Amino acid sequence: MAIDRRREEGGGGGGGGRQLPEENGSLPAGEADPAAAAATAAPPAGGLAAEIQSLPPPPSGSCNPLLLDYDGSVLPLLGGLGGGHQKTLILLTWIPALFIGFSQFSDSFLLVQPVSWCKGTDGQGNWTGHPHLPAAARGLATSPSYNHSSSYSRGMLAAPELPTPEGKNDSYCDCSERYHRISAGLQQNIVSKWDLVCDSAWKVHIAKFSLLVGLIFGYLITGCIADWVGRRPVLLFSVLFILIFGLSVALSVNVTMFSTLRFFEGFCLAGIILSLYALRIELCPPGHRFMITMVASFVAMAGQFLMPGLAALCRDWQVLQAVIICPFLLMLLYWFVFPESLRWLMATQQFEAAKKLILHITHKDRTSTECDIKGVLPELERELGRRPKKVCIVKVVGTRNLWKNIVVLCVNSLTGYGIHHCFAKSMMGHEDKMSLTNNFYADYYTMAGITLASCLAMCPVVGFLGRRGGLLLFMILTALASLLQLGLLNLIGKYSQLPDSGMSDTVKDKFSTAFSIVGMFSSHAVGSLSVFFCAEITPTVIRGGGLGLVQASAGFGMLTAPIMELHNQKGYFLHHVIFACCTLICIICILLLPESKNQNLPENIPDGEHYTRQPLLPHKKGEQPLLLTNSELKDYSGLHDSAAVNDGVTESVTANGMKAM
C-alpha cells in the first residue's frame, strides 16, 4: 500500500506530491535533476550499466562504483600493506611525529615560571621567595629545589600557572635588579630573558594563548584547503612556512614579536599534523588503521620523553627553539618522495592523476597489472575525461546523519581535553605535601607516564570493544572520576573536620590524587579516540575539514587551561562542574554513533550517510534485532527506489549501486 501510494505521488498529478527522503538520508530517485530522472527511467544499455543506474546520476553521468570502492578494488591492486612503496609511505608519516612532539611540548620549557629573587642593597643575593605566594608557602619557596611549575595540561602545550596575586611583596616587584633560576634544564627562557614577572606576568599567558589559537585556526583553515587542493600541497607548504616562522621565533627581540610568531608557528604546525593524520588514515587497509595511528602517537610521546634531555643540552631557549625547528628541513625532501593521496584523487574523480600514480606504484613494487582481476585500470581509462568533483565541509550541513556524528565527536574531543586540565590541576594542587611532585621533572614525567599508560590501554580496549565501545568505556571512567572527585571529596572534607571521624586531610588528598590519575588517564583516551573516530567516519572528500573541526575542538579544550590560569584559578570549581555535566551528555550521545571497526572508509557523502547506528551488543540467535543493519537498510532503500521510478531498474539493485546479497 505504501509503495502504491508513492507511485501515485511520483507519477500522477504532474509531480504535485514531493517524495520523502530515504531512511539512510539519501535523496529519492529523480529528486536531484529532471534530466537525471529521465536517464534513470530509461532501460540500461548493458549488464554493467544496469548495475550503476540505481542512483540518479548527475548531469555528467555517475561514476562507476568500482572506482569509488578504494578498499575493495584499488588497494588490493596495489598489494595493500604488502607493497614496499606503501610501507615506505607509512614510515614517512611516522618520522615527523617525533619533531611534532618536540614542538608540542616546548611550551613546558620555554614558558616555565622560574624562581626569582632580588639583589639586596648590600650586594648579596638574598632569596625572598615568590612575591605572590602566601606566607605559609614562602618557606618552601626559599629552597633551591623548589619550582613554581605545577600545571601541565596533558603535559602538552601548557606552561605552569602563575600564583595568585594575594600577598604581593612590594620590595620584590620594586627591586632594580632581579635574578631567575629555572629548574627545567635551561639557563634562560622567555620569562627570565624579558623579566615577565609581577606586572608583566600576564604576557606569559598571551604567549601560551598564541600557540593554541594558531593551532585552532590552522586546523580549521588547512583542513578545508586539504580537501580542495590536496593533502600533499598543504603538508609541503606548512613545512616551508614553519621553518620560516619557527626560526624567526628564535630571533625575537621582545615578547610581542615572540607571541605573534608563535601564532603563525602553531598555524603551520596544525597543517602538518592534520595532513599527516589524513594521509596515514588513507594509506591503510581497514584492519591496520588504528595500530598504525597509535604507532605515530607513541613516536610523538618519544619526543615528550626526550624533551627534558634536549633542553638540558641546549641550555638556552633560542638554541632549543632552533634545534626543535631545524629537523623539519628533512621534510622538504617529501616534495620528491611523497605523492598525493591516491584515495583522495579517486574520491574527487581526478582519474588521470590517479592512473599515473597507480602505474608509478606498481612500477616501484614491480607488480604486474595483470593481477587487476576487477578491471580497475580499464574502467579508469574510460573515465579519464571526467571533471574533478571536490566538496567543501559546509556540504555536511545538508546531511541527515553525518553532521550529527561529527558534532558528537567534536563535543567529546572538547570535553576530553578540557576536563583533563581539571584533573591535572587537582593532582598538582598538593605539591607542597606530596614528594612525588616536588620538582619539575617529577611533574613532567608523571604526566608523560599517564599519557603513555592511556595509549597502551587504548590498544587492547579498542581492539576488543571497537571504536564506539572503547570511547564509551573511557567516557564513563572520566565521568565517574569527575563526579567522585566533586562529590565524595567534599563529603570527606566535611567529615574530616569532626574530631571523632578518624579522617584527615591526608586521606582526602590521597583520594583526590587517585581520582585525578584515573581521570587524566581516561580523558586523554577520550580525546585521542574522538579524533581517530572522526577520521574514520568522515568521507574522504571532506576528511580534512572533519578532522579540522574535531582537532580545533580539542584545541578549545586545551585553551581552558591558560584561561583559568589568567584568572588565577577563579571559577575553577564551576569549570569542573560544567565539564562533568558534559561527560554525562557525551555518554548518551556516543550511543548514537556508528561502529567503524574493520569497515571501509567512506569515500563520498552518500557513503558517509550509510554509516548507520547498530546495537552496541550483538543480538542473540533467534532474537529479532531492534535496529536494521547496514545491508538491510540498503535493501529497504532499494525497494523504495524501484517503486519510485516505476520499476525502471532491476529489483536486485540497491540504493548504493551494488547488487543485493
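The values are calculated or read from the model by the stated rules, or taken from the named source; none is laboratory data. This is a predicted model, so every value here is computed, not measured. Every residue, glycine as well, gets a Cβ built from its backbone with ideal geometry; the counts of neighbours run over all protein chains shown. Each accessible area value is taken on the protein alone, full model and side chains, heavy atoms only, with ligands, DNA and RNA left out. Shrake-Rupley method; radii C 1.70, N 1.55, O 1.52, S 1.80 Å.
Could you grab me the full set of residues in the range 223-252 that are in contact (Cβ under 8 Å) with a residue 40 or more places away in the chain and closer than 18 Å to A97 by Cα?
R231, R232, V234, L235, L236, V239, L240, I242, L243, G246
Let me confirm something: among A322, A270, A302, A278, which residue is over 19 Å from I95 (Cβ atoms), in a helix (DSSP H, G or I) and either open to solvent by 50 Å² or more (accessible area, probe 1.4 Å) or in contact (Cβ under 8 Å) with a residue 60 or more places away in the chain (or both)?
On the way: A270 fails: over 19 Å from I95 (Cβ atoms); A302 fails: over 19 Å from I95 (Cβ atoms); A278 fails: over 19 Å from I95 (Cβ atoms).
That would be A322, the only listed residue that is over 19 Å from I95 (Cβ atoms), in a helix (DSSP H, G or I) and either open to solvent by 50 Å² or more (accessible area, probe 1.4 Å) or in contact (Cβ under 8 Å) with a residue 60 or more places away in the chain (or both).
For the range 396-432, name all the residues that are more than 21 Å from the chain's Cα centre (by Cα) and either small (G, A, S) or outside any loop (DSSP other than H, G, I, E, B) (or both). Outline the logic, then answer.
Quick first cut of the range 396-432, residues more than 21 Å from the chain's Cα centre (by Cα) only: 398-400, 425-432.
Matches in the range 396-432: G398, K425, S426, M427, M428, G429.
Considering G555, G527, G544, which residue is touching an Asp or Glu at 6+ places or on another chain (Cβ under 6 Å), open to solvent by less than 10 Å² (accessible area, probe 1.4 Å), at pLDDT 80 or above and assigned to a helix (DSSP H, G or I)?
Numbers: G555 fails: touching an Asp or Glu at 6+ places or on another chain (Cβ under 6 Å); G527 fails: touching an Asp or Glu at 6+ places or on another chain (Cβ under 6 Å).
Exactly one of G555, G527, G544 is touching an Asp or Glu at 6+ places or on another chain (Cβ under 6 Å), open to solvent by less than 10 Å² (accessible area, probe 1.4 Å), at pLDDT 80 or above and assigned to a helix (DSSP H, G or I), namely G544.
What are the pairs, 6+ residues apart or on separate chains, where a residue within the range 401-419 that is free of Cβ contacts under 8 Å to residues at least 40 places away in the same chain and farther than 16 Å from L473 by Cα has its Cβ under 7 Å from a residue that is of a type in the set (A, V, I, L, M, F, W, C) and part of a helix (DSSP H, G or I)?
What qualifies is W403/V396; W403/V397.
Just to be sure I understand, how many residues within the range 331-356 are in a helix (DSSP H, G or I), free of Cβ contacts under 8 Å to residues at least 40 places away in the same chain and open to solvent by 30 Å² or more (accessible area, probe 1.4 Å)?
Within the range 331-356, residues that are in a helix (DSSP H, G or I), free of Cβ contacts under 8 Å to residues at least 40 places away in the same chain and open to solvent by 30 Å² or more (accessible area, probe 1.4 Å) number 6.
Among the residues of the range 305-317, what is the count of those that are surrounded by 17 or more Cβ atoms within 10 Å (Cβ to Cβ) and either modelled with pLDDT of 95 or more or in contact with a strand residue (DSSP E or B) (Cβ under 9 Å, 6 or more places away or on another chain) (or both)? Before the answer, list the steps.
If we filter the range 305-317 for residues that are surrounded by 17 or more Cβ atoms within 10 Å (Cβ to Cβ), which is where we start, we get 307-308, 310-311, 314, 317.
Narrowing the set further to residues that are either modelled with pLDDT of 95 or more or in contact with a strand residue (DSSP E or B) (Cβ under 9 Å, 6 or more places away or on another chain) (or both) leaves 317.
Residues in the range 305-317 being surrounded by 17 or more Cβ atoms within 10 Å (Cβ to Cβ) and either modelled with pLDDT of 95 or more or in contact with a strand residue (DSSP E or B) (Cβ under 9 Å, 6 or more places away or on another chain) (or both): 1 in total.
If only one of S248, S238 is of a type in the set (G, A, S) and surrounded by fewer than 22 Cβ atoms within 10 Å (Cβ to Cβ), which one is it?
S248
Any idea which of (1) within 19 Å of the chain's Cα centre (by Cα); (2) at pLDDT below 90 is the one L452 doesn't satisfy?
(2)
Okay, residues lined up against (1) among the basic types (K, R); (2) at pLDDT 85 or above:
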site	(1), (2)
D195	no, no
K208	yes, yes
L211	no, yes
I225	no, yes
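Which of (1) modelled with pLDDT of 90 or more; (2) surrounded by 12 or more Cβ atoms within 10 Å (Cβ to Cβ) is the odd one out, the single condition T367 does not satisfy?
(1)
Here are the criteria: (1) more than 23 Å from S108 (Cβ to Cβ); (2) at pLDDT 90 or above. Tell me which single one N401 does not satisfy.
(2)
Can you pull out every residue in the range 457-491 that is open to solvent by less than 20 Å² (accessible area, probe 1.4 Å) and either of a type in the set (S, T, N, Q) or not in a helix (DSSP H, G or I) (or both)?
Result: T478, S482, Q485.
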